[in-house]
Amino acid sequence: MATVFSNPTFKHGLSLWCPQSPSLNHRTAPMAITGFRRRRSHLHVVASSDFANENREFVIVGGGNAAGYAARTFVEHGMADGKLCIVCKEAVPPYERPALTKGYLFPLDKKPARLPGFHTCVGTGGERQTAEWYKEKGIEMLYEDPVTGLDIQNQTLTTNSGKRLKYGSLIIATGATASRFPDSIGGKLPGIYYIRDVADADSLISSLERAKKVVVIGGGYIGMEVAAAAAGWKLDTTVIFPENHFLSRLFTPSLAKRYEDFYQENGVKLLKGALVKNIEAGPDGHVAAVKLQDGTTIEADTIVVGIGAKPAVSPFEALGLNTNVGGIQVDGLFRTRVPGIFAVGDVAAFPLKMYDRIARVEHVDHARKSAQHCVKALLSAHTHIYDYLPHFYSRVFEYEGSPRKIWWQFYGDNVGETVEVGNFDPKIATFWIESGKLKGLLLESGSPEEFQLLPRLARSQPLVDKHKLQNASSVEEALQIAQSSLNAQATTV
């Protein structure tokens, strides 16, 4: 579940862009805004009791990864107890969402992941934040009641049930919603599944228990991860996608072929360059087949759609949207153009400082780090600009009895020429080089030490000898060449 959207046309100084009032000093604005909002919030609490939330100083809208990591940061600063409220549409506290298309979908006899095992913040080795944890920390949780309205002038929110909430400072962490097929081509037929939350995943699992023929539409993260899980269930599985190869936003054709071959060796059928015309229903109204534009029909009793996601910006459009990458426009401290309102995670269009462009990143790593950075800026004199290094990964075929576990990590920017080293068995690496600089790296099945080297290389962008990399006899040798370039750069600084 990871995507990066960027706008390379925005140049020069955007990492310092501040959509606040020009009268606010850039370095002191976070404290000034926070203090102002707190005083105003307290005054209103005394005067009114017609709001549904008791904790009104800070409100987080959304219950995903970003909300969980933001909550932990509030606790670490001693600013959660009696002050923080989280309002979300789900029935459970925040959890590590990537598990939904990985361990959560393992066959039932292969020790699948289940809640409360993967509540935040276990994904980074932190404490498991169950419902009891939030209660103990004095954090007010409002479940199954998404926000539907925002009144900026009166600093209030309206929820789906009609409740009114008061906030002093507001953090929007609503994430993204799954892109769906229109009803006119069968996008809502029984038997079609879109995965964004644990309830979606539970419904899919119930279907997999009865399924015989599974069709996965989409060749990106969700498509690849769901197809790997379906293979573990020993189901007839077909992946349909319009691109020429898997994960076309990141993988090179050569790299993608390695993974495609592995999937096919494990019984997964691939239909590349295929466009869906419509979903067909059987006599009972349940899905029966997928019909393609070329007239081909693929039978299916379970269909999983993973064709992308859209930032969940409603009802926050008035805060200012970025029309190029989508999402709510923020500065390097995640402030929107409205003082006291912030946006983090998938929904935020932020300055990607190291590449000097505006980006929106749909990935758990950014969700965690952006939330932490935002809260630190809100609560303290922490004013340095968010300097994110893009990071993506996937882990599939990790269930018991799998012929091989697949785990790759990528850091940096996939621009320029590529050098591929290794034959996938046991590992493979791809290096992206632009103007002689190492811009990005992807490593499959690396050791812990090798994976730890990747972000250092991607952030430093050392000059590397492309021909030496091309002549490397192994992934280990190639990484050693890159590390030597890094060391040489360090000695000249």
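Using the Cβ-Cβ distance between residue 471 and residue 405 with R0 set to 30 Å, the FRET efficiency works out to roughly 0.50. Placing unit charges on the Cβ atoms only, positive for Lys and Arg and negative for Asp and Glu, gives the chain a dipole magnitude near 1180 debye about its Cα centre. Computing FRET efficiency as 1/(1 + (r/R0)^6) for residue 199 and residue 491, where r is the C-beta to C-beta distance and R0 is 41 Å, gives about 0.15. DSSP finds beta bridges in region 46-150, and of those with both partners inside it, around 10 percent are antiparallel. Counting only heavy atoms of the protein chains and using a 1.4 Å probe, residue 474 has close to 40 Å² of accessible surface. Working note: 222 nm ellipticity from helices only, DSSP H runs with n ≥ 4, each -39,500 (n - 2.57), summed and divided by the residues of the chain, gives -8000 deg cm²/dmol to the nearest 500. Given contacts defined as C-alpha pairs under 8 Å and at least six residues apart, what's the relative contact order of region 236-369, whole-number percent? Reported relative contact order: 13 percent.
Only protein heavy atoms count here; under a 1.4 Å probe, residue 254 has an accessible surface of about 60 Å². Once the Cβ-Cβ distance of residue 213 and residue 50 is raised to the sixth power relative to R0 = 56 Å, the FRET efficiency obtained is 0.55.
Projecting the Cα atoms of 224, 242, 91 onto the charge dipole of the chain, computed from C-beta unit charges around the Cα centre, puts 91 farthest toward the positive end. With all protein chains in place and ligands, DNA and RNA left out, the 1.4 Å accessible area ranks 102, 376 as 376, 102, largest first.
The gain in end-to-end length when the residue 314 to residue 145 segment is fully stretched comes to 59.4 nm, 0.36 nm per residue minus the alpha carbon separation. Working ranking of peptides 104-116, 345-357, 206-218 by packing, defined as the average number of other Cβ atoms within 10 Å per residue, highest first, is 345-357, 206-218, 104-116.
Summary of the geometry: region 426-443 and region 317-388, compared by the centres of their Cα atoms, lie 27 Å apart. Each label was represented as a point 7 Å from its Cα along the Cα-to-Cβ direction; for residue 114 and residue 135 these points are 2.1 nm apart.
The slack in the chain from residue 234 to residue 249, taken as 0.36 nm per residue of separation less the alpha-carbon distance, amounts to 2.5 nm. In region 338-493, a dipole from Cβ-located charges (positive for Lys and Arg, negative for Asp and Glu) runs towards its positive end, and of 416, 448, 380 it is 380 whose Cα lies farthest in that direction. At a probe radius of 1.4 angstrom, the accessible area of region 216-318 per residue rounds to 41 square angstrom. Let me have the relative contact order for the chain, percent, based on Cα pairs under 8 Å that are six or more residues apart. Dividing the mean separation by the residue count of the chain yields 17 percent. Phi angles of region 301-314 translate, via the Karplus equation with coefficients 6.51, -1.76, 1.60 and θ = phi - 60°, into HN-Hα couplings of 10, 9, 10, 10, 10, x, 10, x, 8, 10, x, 7, 8, 6 Hz per residue; Gly and Pro are given as x.
So which lysines pass the test for residue 137, namely a Cα distance under 19 Å, with those fewer than 8 places away in the same chain ruled out? Of all the lysines, those that pass the test against residue 137 - Cα under 19 Å, at least 8 places apart if same chain - are 83, 376.
Rolling a 1.4 angstrom probe over the chain with all protein chains present gives an accessible area of which 50% lies on carbon and sulfur atoms. The slack in the chain from residue 452 to residue 164, taken as 0.36 nm per residue of separation less the alpha-carbon distance, amounts to 99.0 nm.
The values are calculated or read from the model by the stated rules, or taken from the named source; none is laboratory data. Remember, predicted model here, so these are calculated numbers, not experimental data. We place every Cβ from the backbone using ideal geometry, glycine too, and count neighbours over all the protein chains shown. When the accessible area is computed, the model is the full protein with side chains, heavy atoms only, and any ligands, DNA or RNA have been set aside. Shrake-Rupley method; radii C 1.70, N 1.55, O 1.52, S 1.80 Å.
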